[in-house]
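Here is the structure we will look at.
The values are calculated or read from the model by the stated rules, or taken from the named source; none is laboratory data. This structure is a prediction, so every number in the text was calculated from the model and none was measured. Every residue, glycine as well, gets a Cβ built from its backbone with ideal geometry; the counts of neighbours run over all protein chains shown. The protein model used for the area step is the full one, side chains on, heavy atoms only, and it has no ligands, DNA or RNA in it. Shrake-Rupley method; radii C 1.70, N 1.55, O 1.52, S 1.80 Å.
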Amino acid sequence: MWQLSKEFKFKGQSIKYDIQGEGKPIILVHGTPWSSFVWRNIIPNLAQSWKVYYFDLLGYGQSEKRDNQEVSLAVQNELLASLIDFWQLDAPTIIGHDFGGTTVLRTHLLNKVEFEKMILIDPVAVAPWGSAFFAHVNKHEAVFADIPDYIHEAMVAAYVKGAMHTPMNDETLQGILKPWLGDVGRKAFYKQIAQASQKFTDEVQPLYAQIKCPVRLIWGEQDTWIPIEQGRELHSLIPHSEFKVIANAGHLVQEDALEQLLLTINDFL
């Protein structure tokens, strides 16, 4: 079972994290609706050469979920900056996927946290973004939060399967679903969607040209959540960035093309 053993208190809320390996520090930041579980096959490889730090975002995975909780992108960069300070890291290397990539960008550009190198995997970074489903949940969060568990589970399963180009196996599906099940998990799932807003990328998109550290963008060629065209646009906005395409992979590249992704990550590192 995927279990994080360490705890950090962020504004009185529990953040679960863990560390593996020895060497220079590297941080892994997951996106939505995922958790650190999506790094489970990446961590052992990186931990052979790096000290790997990974955690669950506030309101996600094993980190605290509560009523009236702020879990938007506006708070996740504050959390990441606080964790880096708590871990006493100076310009670590960092990898962010999806909203995790957004959080990395916001932490660098708004919190002025320096990174030695930055890898962004299918990040949410260029307008427009946000599906019709996001908009509908935003308008009717309370209705979604009260639907029967069996309907909720079926909806989330169908939703997350769409992030892959290849069929999702049951072990992966159950690991992704687990944090979102039950009364607390169900409400937290719709809360994080309802609080998603393009305004949090709009405020940093004009700043991308300020990025000086080496950046590699990695994109699943068959990503239907964030099309590759947005990746190419982001590449044009970040000076000196590299753009690598993973064939036969959708948005959840970690599951679709693990070996290709590891080669692309390690080559850059």
- Please state, as a whole number in µm²/s, the translational diffusion coefficient that the Stokes-Einstein equation yields for segment 128-219 at 4 °C and 1.567 mPa s, with Rh defined as the Kirkwood radius across alpha carbon pairs. 84 µm²/s
- Message: Under 10 Å, Cα contacts only: if you run a Gaussian network model on the chain, which one of Phe243, Phe37, Phe99 comes out with the highest mean-square fluctuation?
- Response: Phe243
- Fluctuation leader among Thr103, Thr172, Thr201 - the chain, Gaussian network, Cα springs under 10 angstrom: Thr172
- Estimated vicinal HN-Hα couplings, Hz - segment 4-10 in sequence order (Karplus 6.51, -1.76, 1.60; Gly, Pro = x): 9, 9, 10, 9, 10, 9, 10
- Query: Once fully extended, how much extra length lies between Ser131 and Lys212, figured as 0.36 nm per residue of separation less the alpha-carbon to alpha-carbon distance?
  - Reply: 26.0 nm
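Only four residue types carry charge here, +1 at the Cβ of Lys and Arg and -1 at the Cβ of Asp and Glu. Report the dipole size of the chain about the Cα centre in Debye, rounded to the nearest 20. If you can, show how the numbers build up before the last one.
Values: 23 positive and 32 negative charges, 93 e Å.
Dipole size: approximately 440 debye.
At 1.4 Å probe radius, can you tell me the per residue accessible area of segment 87-157 in Å²?
In whole numbers, segment 87-157 has 41 Å² accessible per residue.
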- Scaled radius of gyration (Cα, divided by 2.2 N^0.38 Å) that segment 116-269 gives: 1.14
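Using the eigenvalues of the Cα gyration tensor, what equivalent ellipsoid semi-axes result for segment 1-71 when each is taken as the square root of five times the eigenvalue, whole Å, largest first? Write down the numbers at each step before the final one.
On the way: eigenvalues 108, 31, 18 Å².
The three semi-axes for segment 1-71 are 23, 12, 9 Å.
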- Query: Given charges of +1 on the Cβ of Lys and Arg and -1 on the Cβ of Asp and Glu, with all other atoms neutral, how large is the dipole of segment 91-242 about its Cα centre, in debye to the nearest 20?
  - Reply: 380 debye
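When the accessible area of the chain is split by element with a 1.4 Å probe, what percent falls to carbon and sulfur?
Details: 5680 of 11170 Å².
So the carbon and sulfur contribution to the accessible surface is 51 percent.
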- Message: Between His240 and Leu181, what's the calculated FRET efficiency when r is the beta-carbon distance and R0 is 45 Å? Round to 0.05.
- Response: 0.55
- Post the alpha-carbon centroid distance, segment 81-111 to segment 115-152, in whole angstrom. 20 Å
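Kirkwood hydrodynamic radius of the chain from all distinct Cα pairs, in Å? Let's see the in-between values first.
Numbers: mean 1/r = 0.0541 Å⁻¹.
This gives a value of 18.5 Å.
Between beta-carbons, use under 15 Å as the cut-off and find the net charge around Ala142, counting Lys and Arg +1, Asp and Glu -1. All intermediate terms of the calculation are to be shown ahead of the outcome.
Values: positive: Lys139, Arg186, Lys187, Lys191; negative: Asp67, Glu141, Asp146, Asp183.
Value of the local net charge: 0.
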- Karplus-derived HN-Hα couplings along segment 88-103 (A = 6.51, B = -1.76, C = 1.60, θ = phi - 60°), whole Hz, x at Gly and Pro: 6, 9, 10, 6, x, 7, 9, 10, x, 10, 6, 4, x, x, 4, 4
- Note on the structure: The value for segment 1-138 (convex hull of the alpha-carbon atoms, volume per residue, Å³) is 120 Å³
- Query: How long are the three semi-axes of the equivalent ellipsoid of segment 43-87, in whole Å, if each is the root of 5 times an eigenvalue of the C-alpha gyration tensor, listed from largest down?
  - Reply: 25, 13, 8
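Calculate the dipole size of segment 88-174 relative to its Cα centre from +1 charges on Lys and Arg beta carbons and -1 charges on Asp and Glu beta carbons; express the result in debye to the nearest 20. Please report the intermediate quantities before stating the final value.
Working: 5 positive and 11 negative charges, 78 e Å.
Using Cβ point charges on Lys, Arg, Asp and Glu, segment 88-174 gives about 380 debye.
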- Which whole-number percent is the relative contact order of the chain (Cα, under 8 Å, 6+ apart)? 19 percent
